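Here's the structure, in structure tokens; my notes come after.
The values are calculated or read from the model by the stated rules, or taken from the named source; none is laboratory data. In this text the structure is predicted, and so the values were computed from the model without any measurement. Cβ coordinates were reconstructed from backbone atoms using ideal geometry, including for glycine residues, and neighbour counts include every protein chain displayed.
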Amino acid sequence: MKIGVIGIGATGGYISAMLCKSNENVYVISSGETMNAIKNKGIILKSETNDKLVVYPKLVTDDASEAGIMDIVFVCVKEYSLKNAAKAISPMVDNHTLVIPIINGVDGGSKLYSYLGKGKVAEAAMYIVSKVESPGVIKCADKNRKIIISASKERKIYKKRLEEIYNVLTKAEIICEVRKDAEVISWEKHMFNYAFNVTDSYYTASSNKILDDDEKFNTFCNLAKECERVGRAKGINLSKNIYNTTINILRKLYSKNTAPVNNHMSIGKNFELQRFCEEVYRMGQEVGILTPYSKEAYNKLKVL
């Protein structure tokens, strides 16, 4: 089986390394420093105790046409890079290729298919705590790693293909669940990430500062509510208590004093948050939901 991966960051690097360890034929699409580092030293996956796994993909290239058609492709890029990623992987994808988008945000599968126009594009969400230490070097927490995959209502995928990806990931020791609601999981994950990261960047405030300040906490709550209302208006079957769950996640972070994103805000991170705010505002307009906090946050982040 031929498996392609584009986006060798904290998530794509982990997936690639585990699939290589499982002796799958892995074809990595990368460029620049990351491509050169992997060609020379392989993908290095570190555990929390700094144990190292060093693996070498079948091919590392910036030209997908060198790899040929894949059976499975993982797309692990930022939402704002999705269109370019679709163009890059197009030579690897035909109508039988199963494409798994692992991205921040929501509607990843629908967005990717709108750019790619072919392949069996699934919906997916992933839970993982990992980071890039240097190009091609990934450090990953030992627990709470899981991929959830489902077909889309608009894009049918045969059960056999979903079983295929489940077996591949399970063999690679990546926990996988094939469900009917990966889109719901993406929205529920996004609801917290959206409210927290936007509030965090808007005020330069960690979790305890958000909870200790009425204005900041009110902003967090209203951003979460806007995201929830838009999701429900779009027909996403969010959990009944998702808002309370989102607040509870913030409370759990309180004692950890999570470092503010804005202290090391990159241009890419700022742009990603702008896109998220703009998207919630746009989707709100489409379904008749007012999102004043998202609109205000977008306008501020745009000039940072």
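Of the strands (runs of 3 or more DSSP E) contained entirely in segment 95-173, those carrying at least 3 residues that are farther than 14 Å from Leu82 by Cβ and aliphatic (A, V, I, L, M) fall at 146-150. Scanning segment 47-62 for residues that are acidic (Asp, Glu), at negative phi, out of contact with any helix residue (DSSP H, G or I) (no Cβ under 7 Å at 6 or more places or on another chain) and modelled with pLDDT of 95 or more turns up nothing.
With respect to the stated conditions, Ser65 fails to be of a type in the set (Ser, Thr, Tyr) and buried (at least 16 other Cβ atoms within 10 Å of the Cβ). Looking across segment 168-224 at every residue that is in the same structural domain as Cys140 (by TED's automatic domain parsing), over 22 Å from Ser239 (Cβ atoms) and in contact with a helix residue (DSSP H, G or I) (Cβ under 7 Å, 6 or more places away or on another chain), the one that is surrounded by the fewest Cβ atoms within 10 Å (Cβ to Cβ) is identified as Glu173.
Give the number of residues within segment 212-226 that are without any contact (Cβ under 8 Å) to a residue 60 or more places away in the chain and part of a helix (DSSP H, G or I).
So in segment 212-226, the residues without any contact (Cβ under 8 Å) to a residue 60 or more places away in the chain come out as 212-218, 220-221, 224-225.
Now narrow it down to the ones that are part of a helix (DSSP H, G or I): 212, 214-218, 220-221, 224-225.
So the count comes out to 10.
Of all residues in segment 227-252, those that are out of contact with any Leu (no Cβ under 8 Å at 6 or more places or on another chain) and touching a residue at least 12 places away in the same chain (Cβ under 8 Å) total 15. Restricting attention to segment 175-191 and to residues that are touching a Leu at 6+ places or on another chain (Cβ under 8 Å) and not in a helix (DSSP H, G or I), the residue that is nearest to Lys21 (Cα to Cα) turns out to be Ile175.
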